[in-house]
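To start, the structure itself, in structure tokens.
What follows is calculated from the coordinates using simple rules that are stated; it is not laboratory data. Quantities reported herein were computed from a predicted structural model and do not represent experimental measurements. We place every Cβ from the backbone using ideal geometry, glycine too, and count neighbours over all the protein chains shown.
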Amino acid sequence: MARRIIHIDLDAFFVSVEQALNPELKGKPVVVGGRPDRRGVVASASYEARKFGLYAGMPLATASRLCPRATFIEGGFAKYREASKRFMAILADFSPFLEPMGLDEAYLDATGFESIHGSVHQMATKIKQRIQDELGLHASVGIAGCKVVAKVASELSKPDGLLEVASGNERSFLAPLPIAKLPGVGEKTERILRGSGINTVGQLSLMPLSALKNHFGAYGELLHRYANGIDNREVEPPSAAKSISRETTFGKDTGDRTLLKATLRYLGERVGNTLRQRGEHARCVTLKLRYADFTTITRRHTLSQTTDSDQAIFDTGLMLLQKELSPGKQPVRLIGIGVSNLVEGGRQLDMLDSSAQRQEQLNKAIDRIRNRYGFTAIQTGRTLPLKDIFPENEGGYTLHTPSLSR
Ligand code: DCP
Ligand code: CA
């Protein structure tokens with residue numbers, strides 16, 4: 001049976017939640033992000049504000065210069081989290097195969113469920129209607145045979161749109177679009193491709209796979225598949241995983257502490273990113289080491305309070321690592337770090353502490369950039385030594401055994 005995947009994304013999410021709560025704001029240029037006289041950037045701009053050139057990430061001062069009559073709102077995360085929960089609950093009524101992507105976006109596998117509603121198009125219309133009726137929000141929906149095409153379709157249909165790509169038309173649908181519209185093509189890749197005269201997804205799809213692989217490695221293969229409208233990724237409901245971990249085997253066994261620490265930091269950041277994406281906090285951090293002779297150890301530390309911070313995960317992992325490493329030890333073959341004892345949205349007790357608050361804001365900002373431009377778009381000082389060792393792609397470093405164990 002041909003798959004039918006729905007991608008759904010709420011329009012101007014933060015702003016729309018504010019407008020639903022305060023109807024006076026409807027139909028007006030509105031910005032969530034803070035007062036215009038404050039430092040900071042636009043988090044979300046209403047479509048009326050976008051007509052003045054405002055976009056997420058723009059400094060508030062610039063935004064107020066371009067559109068002085070916009071209403072600027074500080075916003076409150078609790079409201080958005082609540083709206084997100086209700087949004088996901090509506091989607092879950094339509095298919096159990098639901099994969100939330102952040103707060104206001106999700107994939108739904110509609111295969112086999114659409115007949116209940118007549119067609120997948122009708123199913124999507126009902127979803128949009130319920131979101132409108134129950135939350136007062138607009139959603140944009142893309143329907144296609146795979147995730148990547150469904151995502152492009154929903155983006156293209158914005159705002160308040162619904163765009164279905166018929167089975168078999170994926171490739172021709174993508175072909176005329178500029179390459180930047182293809183998920184996975186970040187600014188860097190766009191520049192390289194445009195430099196070689198590749199401007200549309202169609203042109204990219206015609207590039208020989210070997211050339212793309214030569215240029216971009218494994219990531220080139222992904223580009224090739226996406227450009228041709230091929231994406232076999234399943235819609236994966238978040239497992240009720242008890243732990244999240246990442247590990248990798250080195251190309252060559254190593255005792256180099258700088259490399260071990262850098263790898264630990266990188267893997268820890270990947271763990272932290274997933275943890276935050278799931279909106280969870282962890283109480284335990286585990287270090288795993290496998291030595292050259294295949295002896296494997298795990299060491300675990302329980303924190304005094306739950307965390308979702310990269311720094312706390314790394315600090316704990318490093319503390320465990322330092323206890324383990326001693327001059328007589330064999331070189332390390334594999335290193336891994338994980339978190340467990342997960343709680344949903346566990347608030348940190350020390351949130352009153354401004355440094356913890358800064359950490360949280362920093363992690364969030366980094367996640368946003370990474371989710372948009374690729375994992376290595378931002379690197380922390382500790383992971384820089386990896387640059388010389390592992391090849392990079394937009395998904396991050398290409399490790400020898402990228403373990404996605406959960
Ligand atoms: N967000 C943020 N800072 C950014 C980008 C986004 O705080 N630089 C927050 C505010 C957005 C929410 O995440 O409302 C969802 O991000 P989207 O990229 O989906 O943007 P919007 O929902 O605001 O608009 P669109 O209609 O383009 O989806
Ligand atoms: Ca959105």
request  = For Lys26, go through the aspartates and glutamates and keep the ones whose alpha-carbon is under 15 Å away, minus same-chain ones fewer than eight residues off.
outcome  = Asp11, Glu18, Glu48, Asp160
ask   = In degrees, nearest 10, range 0 to 90: what is the angle between the Cα axis of helix 218-227 and the longest Cα principal axis of the chain?
value = 10 degrees
remark   = In whole Å, largest first, the alpha carbons of region 212-350 cover along the principal axes 50, 40, 22
ask   = Could you give the dipole magnitude of region 1-86 about its Cα centre, charging the beta-carbon of Lys and Arg +1 and that of Asp and Glu -1, in debye to the nearest 20?
value = 160 debye
Cα gyration tensor, region 32-101 - rounded (a/c under 1.5), prolate or oblate = prolate
note = Taking a crude spin-label model, label points 7 Å out from Cα along the C-beta direction, the Arg130 to Lys28 distance in nm is 3.3 nm
query = For Met319 and Arg81, what does the FRET efficiency come to when R0 = 30 Å and r is the distance between their Cβ atoms, rounded to the nearest 0.05?
reply = 0.40
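Sorted from fewest to most neighbouring beta carbons within 10 Å, what does the list Asp93, Asp9, Asp104, Asp160 look like? Display every interim value, and only then the final one.
Details: Asp93 11, Asp9 20, Asp104 23, Asp160 14.
Going from least to most buried by this count: Asp93, Asp160, Asp9, Asp104.
Work the Kirkwood hydrodynamic radius out for the chain: mean of 1/r over every pair of different alpha-carbon atoms, inverted, in Å.
Working: mean 1/r = 0.0432 Å⁻¹.
So the Kirkwood estimate lands at 23.1 Å.
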3J(HN,Hα) from dihedral phi, region 174-182, Karplus parametrisation 6.51/-1.76/1.60, rounded to Hz, x for glycine, proline = 6, 3, x, 6, x, 3, 5, 6, 7
ask   = What's the angle, to the nearest 10 degrees (0 to 90), between helix 147-157's Cα axis and the longest principal axis of the chain?
value = 40 degrees
query = Loop-only check: which GluC sites (Glu not before Pro) in region 68-116 are DSSP coil with at most 15 other Cβ within 10 angstrom?
reply = Glu74
remark   = For the chain the mean separation of alpha carbon contacts under 8 Å (6+ apart) over residue count, i.e. relative contact order in percent, is 14 percent
request  = Mind pulling the angle between the C-alpha long axis of helix 257-277 and the longest principal axis of the chain? Nearest 10 degrees, somewhere in 0 to 90.
outcome  = 30 degrees
